[in-house]
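Shown next, in structure tokens, is the structure this report addresses.
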Number of protein chains: 2
Amino acid sequence: MNPAEEDDAADRPARTGRRPGQSKAREAILAAARIRFAENGFDKTSIRAVATDASVDPALVHHYFGTKQQLFAAVVELPVDPDLTLGLIDAAPLERLGEAIVTAVVGVWDSPAGPGIVAAVRTIIASGDMSLARTFLLDVVLERIRQRIATPQDDGRVRIGLVASQMAGLLVTRMIIGVEPVASMPLPELAAAIGPTLQRYLTGEIDRPA
Amino acid sequence: MNPAEEDDAADRPARTGRRPGQSKAREAILAAARIRFAENGFDKTSIRAVATDASVDPALVHHYFGTKQQLFAAVVELPVDPDLTLGLIDAAPLERLGEAIVTAVVGVWDSPAGPGIVAAVRTIIASGDMSLARTFLLDVVLERIRQRIATPQDDGRVRIGLVASQMAGLLVTRMIIGVEPVASMPLPELAAAIGPTLQRYLTGEIDRPA
């Protein structure tokens, strides 16, 4: 760093996202968010609290990262915007939700973002700190689906947990271990095979043998 | 090591499993087996080839490790004998195979061996070398089940791959990430919820929505 840059970074706090001080503020926000999400989960973490911890204005957090979900995706270094995938699932009718989840989620894995997702998952599993993985699965990916299937008698938590168990294993066998023929099965075949599993978990009988 | 021990190890090759030279021969066998299994898979690896690579007699491999499956379990540091679990599954009638697999496999995870299994899985996933994980799943755990469900029209490989996808994800969500309520669901409830999924993968219609 030459003296001119040092002066600039020291004199002007990053506000526009274009100053050399930007990377420092960005890193401070990410570090604060990582701790908040891991300790309090997704729902109980606010952009305001992250901004306070990082000693920046909340507007700067939105400016750099967008929504809280997008901030979370940055924390776990997910190379994809979860809102886009969830939008595809939201658009499916309830009775085709299982197939829609397989199609939307595997569609992301099979996209150019796939290798980055595999790297992120491997890092999370190896780290031994599972709180970020839990909050990502339950609060970010599955919460909207849970709200949709919840009834006054059933909050849907067992159901989305079962969905998570099938989809996590599909990720591991298809993308990480590479178990053939599942690893190279075309998406429509996979949706036909696994969609009904998810559909039963979401809307079928799950407390006794089918 | 005192001079008397050193003499003993140098003069007599380990044969009885009680000499100080034992650990060297044992390590050489494990190292040779790790390479053979990773490069050639389970089926194409013979005890004889491992013994040759390790410069020991094949009888010594059997003496230290037992069967080829038990040698494999030692290579991946699995703290459990896969033959015992597979025996439980073999005893189940075909139409209850799904439930039997959940009960037998989750029974092992919930046993005192559970934490060691989780550690082994985490190590394998973090290592980036998936050939041992693949051969363990396909050749050791699932091959006997595949042979049982195979027909002249269907070799069963897609079916056991789907079973692997559900069970791997149950391991990840229940044992590694700890997704509630799946992580603490009693085994009979889990068998009722997930057994039918495996049963459909093994013996049901899988090429079109149920």
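No lab work stands behind these numbers, since they all come straight from the coordinates. As the structure is a prediction and not an experimental result, all values here were calculated from the model. Counting neighbours? That spans all protein chains shown, and the Cβs are built from the backbone with ideal geometry, glycine included.
List of remarks:
- Computed from the C-beta positions of residue B:62 and residue A:111, the FRET efficiency with R₀ = 51 Å rounds to 0.55.
- Most to least packed among B:130-139, B:181-190, A:159-168 [average Cβ atoms within 10 Å]: A:159-168, B:130-139, B:181-190
- For residue A:24, the lysines whose Cα comes closer than 30 Å to its Cα, not counting residues fewer than 8 places off in the same chain, are A:44, A:68.
- With θ taken as phi - 60° and the Karplus curve 6.51 cos²θ - 1.76 cosθ + 1.60 applied, the whole-hertz 3J(HN,Hα) list for segment B:91-97 is 6, 7, x, 3, 7, 10, 4 Hz, x standing for glycine and proline.
- Per the rotation superposing chains A and B, the chain A residue found at the smallest beta carbon distance from the axis is A:169, 1, distance in Å.
- Cut-off 15 Å between beta-carbons: net charge of the residues surrounding residue B:110, Lys and Arg +1, Asp and Glu -1: 0
- Packing-based ranking, highest mean first, of B:87-94, A:107-114 given that Cβ atoms within 10 Å are counted: A:107-114, B:87-94
- Cα gyration tensor, segment B:82-203 - rounded (a/c under 1.5), prolate or oblate: oblate
- Residue ranges A:41-49, B:150-158, A:58-66, A:198-206 sort as A:198-206, A:58-66, A:41-49, B:150-158 when ordered by packing (mean number of other C-beta atoms within 10 Å per residue, highest first).
- Relative to one another, the C-alpha centroids of segment B:60-90 and segment A:39-110 are positioned 44 Å apart.
- Label-to-label distance, residue A:53 versus residue A:39, with points set 7 angstrom from Cα along the beta-carbon direction: 0.6 nm.
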